[in-house]
Each structure stands twice: as C-alpha cells, then as structure tokens.
Amino acid sequence: MKSIKFKQPLTLLIVRDAQHAVKQVQLSKPLLILVPTVAILSLSGLIISMQVQSSQLITRMEQQLNHQNVTHHQMEITVINREEAISRLQNEIIQLSSEAQDMKDKMQRVHELEQELQQFIKKNDTSMLTDSDSSYMTTQSNLTNDLPMHVGGEFIAVSTSDIINLSEEIKDDYEDLRKLLDTMESNVPRTIEKAQETQNMLAGIPNIWPTSSHVISSSFGYRKDPFTGVAAYHAGIDISGDTGDPIYAAGAGTVLEADKQGARGLYIKIQHPDGLQTSYMHLSDIKVSVGDRISKGEVIGELGNTGRSTGAHLHFQVEKKNNVVNPLNYIK
Ligand SMILES: [Zn+2]
C-alpha cells in the first residue's frame, strides 16, 4: 500500500496570466526529494571546501608569520651579538693602546739604561774606575716611575672615529717600538763588546802590590846611586823582601820578556792594555815564559838578589807608552 502511494506522481500546476494556459507538470515523488537533496549537498560541499581552503590559507599565513617572527628574533640576536662584539673589540683596542704605550715607555727606559751603560763604559775608559758606580746608581734610580693605584673621572663615551684614531696611534706606537728595538739590536752587541773591552782593560791595569813585603827601600825618581854615590835616576821602586818571596803580576797581560840580563839579573816584562808595561827585576826564579797570558795576581817568579843589587829586593817598574812613570800612581 505504502509503495503504491510513494510511486504516485505529484502534479504541479503552473499558472501565469489570463493569456497563457495553465501548464500542468507531473513530477514523481523521488525526483521531488532528490533535487533539493542534491542542491543542499552541493551547497554543503561548497561551504566545506571554502572552509578547508580558508583554514589552509590561515595556517599558511600563521606559518609565514611564525617564520618572520623567528627571522626577526634571529636578527635581533645577531644585532645584539654584533654590538657586543664591537663593544668587546673597542675595549680590546683601548687595552691594547694602553699596553702599547706601557711597552713603549719600558723600551724607552731600557734604551736609556743601555745608553747609561755606554756612558758608564766610556767614563771608565778614561777615568780608570773612579766612583762612577754611585753616580750610575743615582741616575738609574731616577728612572723608576711608580704609578698611582687610584683612578676616577667623568664617563665619556667612545666614538667609532676615536677607536679608529686610537688604532692608528697603536700602529704608530708599534712602529716606534720596532725602530727602538732595531736601534738596540744594533747597539747592544757593540755595548757588550765595549763592556768586555773595559773589563779586560780594568783587569789589565797594574794596580795590585807585586810582592808580600810592603817595605819600600828606594823610591822612584832622582837618588844617590847605591854603588857609586853619584846622583842618578831610579826608574822604579825597590821593595825589600826575602829571597823566594812570591812575585805577583800587578795586572793581567802577556809576558813580553823573561830573561837574564846584566844589571837587571833575572827579570820579567809584562805587556798590559793601554800601552802599559811592568818589569820585575833581580828575581831568583822565573815561573813564566814569553807569550804566556797572565792574570792579575798570578805568581810569575820569586824575589831575589840577581844583577846589580845590594841585597834581596824587587825592582818594580811601570812604563806607559815607553816612558817610565811612578809605580805608586798605580799600585796601592
Ligand atoms: Zn831599583
């Protein structure tokens, strides 16, 4: 019964106006349900599709926004990092500048000391070790410079151009340092050589007493000759002593003569630096040979009574550039 009722068609009357006839359309019942259903479904599909598309669009936009946020954040970090790096570099340049200046000052002080040393050597070359030690120490102490520990002052920001100028100054400082080092590199070996020469010269000065006895039996200069009683010139000093007493080299040098000769008896002559020579006469024994390098105070022979002598004594004689001089100007 129901299926028959469902299959019965529905009649649709289309009335327009008086001139047109009434049209009658017969529609089956399933068709009448199907058409709106399809329409509703199509509309729903369209809405769902639009919703999906807009949702995807929103998601994409959100992703882009997130990406932009991340990029922006990264850029912020990069900028902060760069600012920190620049600030660090500026501080390092300032520190470097301070160190360069400090180093330059120190090098200058070393350079001055090196010059002081040269002056010291030069002074000793001429004055033969006077009291220059004390003057050297005084000058040296003047060079010390104590820096104060307390700091302060107004804060003034540093600009980029300041930093560039500072780095230029550092370059100049290092250039000055390099020049100073070059000068010292060429000067210091010569200074050491000069110091060595001075040391040799000081060791060579015949200034120590040549025997154990200190009794001077005859002085340097004019005297009555002990054999003839006639006025004569005594070219050295006579130091009386006992035969066999040690004879010391008054200064370092090289043995020039070691021989026996008439009035001199057994004698030794030593060549010292700066044109100085010492002679030791009337010896009883000679302990060195010609050409031997002798150090100051070294035993070279024994006191005696050989040659033109009235008793055991040492005739000690000093010559400077072949002229006899008073030995007491040297030995103390
Ligand atoms: Zn004499």
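The values are calculated or read from the model by the stated rules, or taken from the named source; none is laboratory data. Everything quoted here is computed from the prediction, not taken from an experiment. Please note: Cβ atoms are built from the backbone with ideal geometry, for glycine as well, and neighbour counts cover all protein chains shown. Surface areas here come from the heavy atoms of the whole protein model, side chains and all, with no ligands, DNA or RNA. Shrake-Rupley method; radii C 1.70, N 1.55, O 1.52, S 1.80 Å.
Filter region 224-241 for residues that are outside any strand (DSSP E or B) and either within 12 Å of the ligand (Cβ to nearest atom) or surrounded by 12 or more Cβ atoms within 10 Å (Cβ to Cβ) (or both) and give the result. Within region 224-241, Asp225, Pro226, Phe227, Ala235, Gly236, Gly241 qualify. Filtering Gly262, Gly253 for residues that are more than 18 Å from Ser217 (Cα to Cα), among the small types (Gly, Ala, Ser) and open to solvent by 10 Å² or more (accessible area, probe 1.4 Å) leaves a single hit, Gly262.
The residue that is most open to solvent (accessible area, probe 1.4 Å), counting only those in region 293-332 that are within 11 Å of the ligand (Cβ to nearest atom) and among the polar types (S, T, N, Q), is Thr310.
Would you say Phe220 is out of contact with any strand residue (DSSP E or B) (no Cβ under 6 Å at 6 or more places or on another chain) and either at pLDDT 95 or above or within 13 Å of the ligand (Cβ to nearest atom) (or both)? Answer is no for this residue.
Taking residues in region 233-257 that are touching a residue at least 40 places away in the same chain (Cβ under 8 Å) and over 17 Å from Val318 (Cα atoms), and partners anywhere that are open to solvent by less than 10 Å² (accessible area, probe 1.4 Å) and not hydrophobic (A, V, I, L, M, F, W, C), the pairs with Cβ atoms closer than 6 Å and at least 6 places apart or on different chains are Gly241/Thr211; Thr243/Gly304; Asp245/Thr211. Could you tell me whether Gln101 is free of Cβ contacts under 8 Å to residues at least 40 places away in the same chain, within 30 Å of Leu177 (Cα to Cα) and open to solvent by less than 90 Å² (accessible area, probe 1.4 Å)? Taking the combined requirement at face value, the residue does not satisfy it.
Taking the criterion of being open to solvent by 80 Å² or more (accessible area, probe 1.4 Å) and in contact with a Pro (Cβ under 7 Å, 6 or more places away or on another chain), the only residue of region 19-48 that qualifies is Gln26. Residues that are free of Cβ contacts under 8 Å to residues at least 12 places away in the same chain and more than 16 Å from the ligand (Cβ to nearest atom) occur in region 198-212; there is at least one.
Summed over region 286-305, residues that are under 13 Å from Thr254 (Cβ atoms) and in contact with a Lys or Arg (Cβ under 7 Å, 6 or more places away or on another chain) total 1. In region 259-292, of all residues being touching a strand residue (DSSP E or B) at 6+ places or on another chain (Cβ under 6 Å) and charged (D, E, K, R), the one that is nearest to the ligand (Cβ to nearest atom) corresponds to Arg264.
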